[in-house]
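Chemist: Before anything else, here's the structure in question.
What follows draws every value from the coordinates through simple rules; no lab data is involved. Being a predicted model, the structure only gives us computed values, none of them experimental. For neighbour counting, all protein chains shown are included, and Cβ atoms are generated from backbone atoms with ideal geometry for every residue, glycine included.
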Amino acid sequence: MRKVWLIMAVIGAFWAGKNYPAGKIKLFNRGPSPTPTGVTISIDKLKSQVLPPAGFTFDLKWGDLGTKLIKIGVIDRNKFDKLFTNQPQLLAYLERTDLNQVTINTQTAQFWVDVLWALGLANKSVVLDEGPMKQGGNAANFASTGGWTLGKKDAMAYYSKFKLIPLDDQQQARVKEIAENIYRPCCGNSTAFPDCNHGMAALALVEIMVAGGKSDEEIYKTVLAFNSYWFGQTYLEIAYLQAKNGVEWGRVDAKKVLGKAFSSGMGATAVKKQIGQVPGLTDERGSSCGV
């Protein structure tokens, strides 16, 4: 318990400031923290900051990645179309090669976790080849591998087999380092151990951004936005705790929030215990852990 309280004590030093805007995300501007005394927290405002209906749009070098995923068979187009037949604008990411902006919101969250899952699974990766996924010598029995049923073949036919995102040794090392700092609340593992769909999807997102020359700060903020729509309830609760300490969501340190203390299963549970039951802060679901 002493460790948990020490972690929570650090929250008060986080940066404070403006909200995330709906639409294209901007870098956080840092400034002095406001005094939290007497702060009234609007749940509706909190939701508009963490999960704005318009979502967040990012410049990502998507290019021909979708067509490559179809070509190698890790995505079976017939299976995929059945899931997203009512969202033709999203299926365009599997057909066109000129799309380099991605929007994450409630409506697109499941599509992106599935597409990025396929990409993370198939892309050649030091994380997959040398990391915890290969401990014991068999990577086939995890949710991110055994649970992938949207390809033309078994998941292991694609596992780290294709250089879809060109990464040199230095970039691979950077991906690994960043992935080790990114957690998800469905378990206690980091993205460097992508044993579920969200972990594999986050790995692909980091790989795209490292290959595109994005800064660490921008990568963490982007993954935080995706994680927030994938695990809406958890990140609303984290945002509420931040707000209690006088820090609006747009000024949080994304790297810290994505770390084990907040975004792991253990961290999310500690946050929930810290804030207790908050009226109106319930029933915000994200994308599922399956297809």
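Chemist: For the stretch 206-229 and the stretch 241-257, what is the centre-to-centre distance using only Cα atoms, to the nearest Å?
Modeler: That distance is 18 Å.
Chemist: Can you tell me the relative contact order of the stretch 56-227? Whole percent, Cα pairs under 8 Å, sequence separation 6 or more.
Modeler: Worked out over the stretch 56-227, it gives 27 percent.
Chemist: So what are the ³J(HN,Hα) numbers for the stretch 259-269, from phi and the Karplus equation (6.51, -1.76, 1.60; θ = phi - 60°), rounded to whole Hz, Gly and Pro as x?
Modeler: x, 4, 5, 10, 9, 6, x, 5, x, 5, 5
Chemist: Please turn the phi angles of the stretch 195-200 into ³J(HN,Hα) values with the Karplus equation 6.51 cos²θ - 1.76 cosθ + 1.60 (θ = phi - 60°), one per residue in order, whole Hz, x for glycine and proline.
Modeler: Using θ = phi - 60°, the values come out as 7, 10, 4, 5, x, 5 Hz.
Chemist: Report the extension gain between LYS244 and LYS61 in nm, rounded to one decimal, defined as 0.36 nm multiplied by the number of residues separating them, less their alpha carbon distance.
Modeler: Values: separation 183, 0.36 × 183 = 65.88 nm, distance 3.71 nm.
Full extension of this stretch gives 62.2 nm more.
Chemist: Using a 10 Å cut-off on Cβ atoms, rank the peptides 247-259, 148-160 from the highest mean neighbour count down. Walk me through the intermediate numbers first.
Modeler: Working: 247-259: 21.7, 148-160: 17.8.
In descending order of packing, they fall as 247-259, 148-160.
Chemist: Farthest toward the dipole's positive end in the stretch 56-227, which of GLY131, LEU164, PHE84, given Cβ charges of +1 (Lys, Arg) and -1 (Asp, Glu) about the Cα centre?
Modeler: Most positive-ward Cα: PHE84.
Chemist: How large is ³J(HN,Hα) for each residue in the stretch 162-176, as worked out from phi by the Karplus curve 6.51 cos²θ - 1.76 cosθ + 1.60 (θ = phi - 60°), to whole Hz, x for Gly and Pro?
Modeler: Each residue's phi maps through the Karplus curve to give 10, 7, 7, 10, x, 9, 7, 4, 5, 5, 4, 5, 5, 4, 4 Hz.
Chemist: Something else: Starting from the Cα gyration tensor of the stretch 56-227, take the square roots of the eigenvalues, sort them a ≥ b ≥ c, and report rounded, prolate or oblate (rounded when a/c is under 1.5, otherwise prolate if a/b is larger than b/c, else oblate). Each step should come with its number before you reach the end.
Modeler: Details: a/c = 1.43, a/b = 1.13, b/c = 1.27.
Cα axes put the stretch 56-227 in the rounded bin.
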